[in-house]
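Novice: Pasting in a structure now, in C-alpha cells, and then I'll have a few things to ask.
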There are 2 protein chains.
Amino acid sequence: MTASSAEERLARWRTALQAHGYRLTAARRAVLRVLARSERALDATQIFDLARRQAPGLGLVTVYRTLEALQALGLVQRVHCNTHCASYVAAEPGHQHLLVCRGCGRVWYFGGDDLGSLMQSVAGESGFVVEDHWLQLVGLCEACRQAEQAEGSRSGCKEEAVK
Amino acid sequence: MTASSAEERLARWRTALQAHGYRLTAARRAVLRVLARSERALDATQIFDLARRQAPGLGLVTVYRTLEALQALGLVQRVHCNTHCASYVAAEPGHQHLLVCRGCGRVWYFGGDDLGSLMQSVAGESGFVVEDHWLQLVGLCEACRQAEQAEGSRSGCKEEAVK
DNA sequence: CCTGAAACTGAAAATCGTTTTCAATACGAG
DNA sequence: CTCGTATTGAAAACGATTTTCAGTTTCAGG
C-alpha cells in the first residue's frame, strides 16, 4: 500500500462519515488515521494504543464506537483468526479475499473471482442462497518465514508488529 | 446427515479420545453426543444447555474443556460468523469448506478443491507460504428462505434452531 | 462570528464469554 | 478391588466489550 492511497482512503472515510451524519471529532480523526494507514489488522486495544499518541485523552470506548461506525459503513472489514477474532482492516472495495500473515499480522487482498462458479454450483444443488462469502488464507509472509528460520535471531518481522 | 452416520461419528470420537489417553466420563459422553448429532454449529452455552439434559450435574467449564480436546484431535471445527465467533461443528475429514445458514445455523460441507491452484498462485507471486485456508459461504437454506418470504408465518426454520 | 440542540466524549460500572484455581470425585489400568 | 491420576464442578479471576451518565464538543442556523 502506498502512502498516498492511505491518505486518499483517509479522506474518503472522513467524507463518508460526515455524509452519513457522523460528526468529525478529534478522537474519531485519530482512530481513522491509525486504521487507514495500517497494513495490518488491528484490534481495539492496538488501535487505542496507537491513536492515543495523537489524541492523548482518547478512551477505549470511543475506539469501539468508531469501529462500529466504520463497520456499519462498510469501510473496514473484520478479520477472524483462530486466536484473534476481532481485528479490523480497511476494506478494499471489490477485493474481499484476505491473505493474513500469522507472524506479523499484515494483510493483503487478492482477487480470485473464480469463486462465482463455485457458489453457483453450491446454490444450484441445494436451493441455498449464498449471500456472503468469506475466504481467508493464513500463513507466513516472506519476511516472517525468514525470521522464523533464523531461530533466535533478533531481527524479525514479528517485533515491529505494532510500531 | 443420516442418524446412523451421527452414531458412527460418535463411536469414532469415543475411540479417538480413549486412544489419546482421554478418559470417557459421563460429562464428556453427553457433550460428545450433543455435538456429534447436531447438524448445526453450536456454541459452548448451547452445548451446555443441551448436554445438561443428559448429564444434570454438568458444568459449563467441562464443556469448554471437552471442546478443547475435540479441537486438539481435529474432530470438530470452529465456525466464525460476524456475530457468533466461537461455534463448533463436527469436522468432516477432507471437506473443509462450509456452507452456513444464517437463519437456522445448519452447516453443510462441500468440496471445491480447485482452491489449490488459487493458493499456489498467491504463494508464487509473493513468497507467502499458505498454511491454512478458510472458506465459508453464508446464506439462507431452502427452508429458511421460504420461511422468510412468508413473513409473519409461524412455521419456520429459525424457531427450532436449538431443539 | 454566536448559540443551542443533539451528538459525542471519557470514566466507571455492568456484563459477557472464557480461563484459572482448587478440593473432591470418578476412571480404568493393574 | 485398589490406587494413582485425570477429571470434575463451584467459585473466583480474567479480558474484552457494552452500558450508563454527566460533562463537552460539533456544527447548522441565525
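Novice: Which shape class, rounded, prolate or oblate, goes with region B:47-98 when its Cα gyration tensor gives a ≥ b ≥ c as root eigenvalues, a/c under 1.5 marks rounded, and past that a/b bigger than b/c marks prolate?
Specialist: It is prolate, given that a/c is not under 1.5 and a/b is the larger ratio.
Novice: Going by average Cβ neighbours within 10 Å, how do the peptides A:26-33, A:80-87, B:52-59, B:16-23 rank, with the highest at the top? Show your work: numbers first, answer last.
Specialist: On the way: A:26-33: 20.6, A:80-87: 15.4, B:52-59: 13.8, B:16-23: 11.8.
By packing density, highest mean first, the sequence is A:26-33, A:80-87, B:52-59, B:16-23.
Novice: With the full set of protein chains in place, find how many percent of the accessible area of chain A is carbon and sulfur; take the probe as 1.4 Å.
Specialist: 50 percent
Novice: Set the Förster distance to 45 Å, then compute FRET efficiency between A:SER117 and A:ALA26 from the Cβ-Cβ distance, nearest 0.05. If you can, show how the numbers build up before the last one.
Specialist: Values: r = 48 Å, r/R0 = 1.07.
For A:SER117 and A:ALA26, the calculated efficiency is 0.40.
Novice: To continue, here is another question. For the interface of chains A and B, what total accessible area is buried with a 1.4 Å probe, rounded to the nearest 100 Å²? Could you put the intermediate results ahead of the total?
Specialist: Values: alone 9990 and 9980 Å², together 17050 Å².
That pair hides around 2900 Å² of surface in total.
Novice: Could you give the size of the charge dipole of chain A about its Cα centre, using +1 on the Cβ of each K and R and -1 on the Cβ of each D and E, expressed in debye and rounded to the nearest 20? Mind dumping the intermediate values first?
Specialist: Details: 19 positive and 17 negative charges, 208 e Å.
Taking the Cα centre of chain A as origin, the dipole is about 1000 debye.
The values are calculated or read from the model by the stated rules, or taken from the named source; none is laboratory data. Not measured: the values here are computed from a predicted model. Using ideal geometry, Cβ is built from the backbone for each residue, glycine included, and neighbour counts are taken over all protein chains shown. Note: accessible area is taken over every heavy atom of the protein model, side chains too, but ligands, DNA and RNA are not part of it. Shrake-Rupley method; radii C 1.70, N 1.55, O 1.52, S 1.80 Å.
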